[in-house]
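*Asks:* Provided herewith is a single structure, encoded as structure tokens, for subsequent inquiry.
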Amino acid sequence: MTEYLSYKFTDNETFINTFDEAPLWSGAFGLLLLKHLELKKDISVIDIGSGAGFPLMELAGRLGASCKLYGLDPWKNANTRARQKIINYQYSNVEIIEASAEIIPFDENSIDLIVSNLGINNFEKPEIVFKECERVLKPKCKLALTTNLNGHWKQFYNVFESTLKQLQKNDLLANLYANQEHRGSVESISKLFSDNGFKVCRHFEENFEMKFADGSAFLNHHFVKIGWLDSWKSLLPKDEHEEIFSLLENNLNALSRMNNGLVLTVPMAYIEGEKI
Ligand SMILES: C[S@@+](CC[C@H](N)C(=O)[O-])C[C@H]1O[C@@H](n2cnc3c(N)ncnc32)[C@H](O)[C@@H]1O
């Protein structure tokens, strides 16, 4: 009963390799999920797109030993890290399955809850994944996801738009608008639920703000470089990157000077559907 009493924190390289706060980006969405998700005992749970283990490990800890959790993700290196966390934290109620959620390796009507933080609706084939969730969930059980919405970082996209106009590159605006639209709205995501055998029972929206000293800091931030820069570059001809990004950075810096920093709004949603 009290195995936790013998847990020994060992501060070594192996441990520190897996120890961090969840990235601030995932953290904001994970907090929204944890705020609204109903926690029950004795249930089976899948976290789709569990990556390096967030919010999977947090849920494993909060749900406790009577529950069984599975993290599903095809990303090998992230799964290795998540598995090491299971060892470090001595959680016996979690397992990582290396697979795409396009084919969930569980029987139909076998799972009590599916969650996905910044996952499912952004996958390559979201309809297939929603159908799979519907198949493996028991009747009346829930699929709960969080996502960023259309309108995220609108202050940045407004400057991007005006920069392209300033350079008279109006032919590139359609790419930029498509990039923004692709994000989805509560309506479009709710439709993914209702088209695939769920009724949306609850949804909540919230905004958070990300503040940067200026546009240069923003464009050089590791998260922006890792997660976003390539998608913006792909909207523009390669030989125009230098010209466009230089002016974009200048314009973002000018806005930052006026506003004492660059403040970007991120609209988020928690959406929960019940299998009909
Ligand atoms: C934006 S990350 C979110 C990771 C984590 N849940 C978090 O909150 O930080 C999306 C995750 O979905 C995974 N993913 C992408 N396609 C997938 C699929 N078809 N099935 C399962 N996971 C997938 C990626 O490998 C990645 O780990």
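*Asks:* For the stretch 65-82, give me the residue count where each residue is open to solvent by 60 Å² or more (accessible area, probe 1.4 Å) and either within 14 Å of the ligand (Cβ to nearest atom) or in contact with a Leu (Cβ under 8 Å, 6 or more places away or on another chain) (or both).
*Replies:* Count: 6.
*Asks:* Right, another one. For the stretch 246-271, what are the residues that are farther than 13 Å from Phe156 by Cβ and open to solvent by 10 Å² or more (accessible area, probe 1.4 Å)?
*Replies:* Listed by number, the residues that qualify are Ser246, Leu247, Asn250, Ala254, Arg257, Met258, Asn260, Pro267.
*Asks:* Output the qualifying pairs, or none if there are none: Cβ atoms under 7 angstrom, residues six or more apart or on different chains, first residue in the stretch 173-187 and in contact (Cβ under 8 Å) with a residue 60 or more places away in the chain, second residue assigned to a loop (DSSP other than H, G, I, E, B).
*Replies:* Asn175/Leu235; Gly184/Leu149; Gly184/Asn150; Val186/Leu149
*Asks:* Okay, next question. Could you tell me whether Gly197 is in contact with a helix residue (DSSP H, G or I) (Cβ under 9 Å, 6 or more places away or on another chain), at positive phi and open to solvent by 20 Å² or more (accessible area, probe 1.4 Å)?
*Replies:* yes
*Asks:* Moving on. Give the residues of the stretch 20-37 that are more than 8 Å from the ligand (Cβ to nearest atom), touching a residue at least 40 places away in the same chain (Cβ under 8 Å) and of a type outside the set (A, V, I, L, M, F, W, C), sorted by residue number.
*Replies:* Passing the criteria: Lys35, His36.
*Asks:* Being surrounded by fewer than 21 Cβ atoms within 10 Å (Cβ to Cβ) and away from the ligand (no atom under 11 Å from the Cβ) is the filter here, so list the residues in the stretch 38-61 that pass it. Lay out the reasoning, then the answer.
*Replies:* Here is the first cut: in the stretch 38-61, the ones surrounded by fewer than 21 Cβ atoms within 10 Å (Cβ to Cβ) are 38-44, 58, 61.
Hits for the stretch 38-61 are Glu38, Leu39, Lys40, Lys41, Asp42, Ile43, Ser44, Gly61.
*Asks:* Arg62 versus (1) touching a Leu at 6+ places or on another chain (Cβ under 7 Å); (2) in contact (Cβ under 8 Å) with a residue 40 or more places away in the chain: which is the lone unmet condition?
*Replies:* It is condition (2) that Arg62 fails.
*Asks:* Could you tell me which residue of the stretch 7-23 is modelled with the lowest pLDDT, considering only residues that are touching a helix residue (DSSP H, G or I) at 6+ places or on another chain (Cβ under 8 Å) and within 30 Å of Glu209 (Cα to Cα)?
*Replies:* Ranking the candidates gives Glu21 first.
*Asks:* Here's something else I'd like to know. Scan Ser162, Ser190, Ser185 and give me the residue that is surrounded by 14 or more Cβ atoms within 10 Å (Cβ to Cβ), among the small types (Gly, Ala, Ser) and over 23 Å from Gly273 (Cα atoms).
*Replies:* On the way: Ser190 fails: over 23 Å from Gly273 (Cα atoms); Ser185 fails: over 23 Å from Gly273 (Cα atoms).
Checking each option against the conditions leaves just Ser162.
The values are calculated or read from the model by the stated rules, or taken from the named source; none is laboratory data. Computed from a prediction, not measured in an experiment: that's the story for all the values here. For neighbour counting, all protein chains shown are included, and Cβ atoms are generated from backbone atoms with ideal geometry for every residue, glycine included. Keep in mind that these areas ignore ligands, DNA and RNA; they rest on the heavy atoms of the full protein, side chains included. Shrake-Rupley method; radii C 1.70, N 1.55, O 1.52, S 1.80 Å.
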